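Undergrad: Pasting a structure below so you can have a look.
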Amino acid sequence: RSSKTTLGLQAGEWVRVKSHEEIKQTLNSASRNRGLLFEPEMSDYSGKCFQMDFSIEKMIHEETGEMLHLNNTVALKGLTCQGLCAKSCPRSNYWFWREDWLDRVPTLSP
């Protein structure tokens, strides 16, 4: 069920988070897309527009210490975990967004 959408997003571009139903179509039974979890809290942003902040190409798997390489994954400006799913975790980490879960918002010409 996991697709590999490649939008080739650049920092500053605007995107719309797809609907929860559209995102669910890209997830397996464990709510993962190619291993990356779609957290329940992330559904709050469905249908809303945000600017792409930066690409995420690597992460450390906290349980194993292993360096993981990511493709087509970005952070969106201002969207960080509020700790609602993890016992009030105070770290405020960026959410990792698969491009599968986003649509590019066309820029308006002047």
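Undergrad: Grab the beta carbon distance between residue 57 and residue 93, set R0 = 25 Å, and tell me the FRET efficiency rounded to 0.05. If you can, show how the numbers build up before the last one.
TA: Details: r = 16 Å, r/R0 = 0.64.
With R0 = 25 Å, the Cβ-Cβ based efficiency is 0.95.
Undergrad: Net charge near residue 16: determine it from the other residues with C-beta under 15 Å of the C-beta of residue 16, scoring Lys and Arg +1 and Asp and Glu -1. It would help to have the intermediate numbers written out before the result.
TA: Working: positive: 18, 48, 77, 98, 104; negative: 13, 21, 22, 44, 99, 100, 103.
Its environment carries a net charge of -2.
Undergrad: Take every Cα-Cα distance within segment 17-87, group them into 10 Å bins from 0 onward, and report for each bin the whole-number percent of pairs it holds.
TA: Over segment 17-87, the share of Cα pairs per 10 Å bin runs 16, 48, 34, 2 percent.
We did not get these values from a lab; they are worked out from the coordinates using the rules stated. Just so you know, these numbers come straight off a predicted model, no measurement behind them. Glycine gets a Cβ as well: all are built from the backbone with ideal geometry, and neighbour counts include every protein chain shown.
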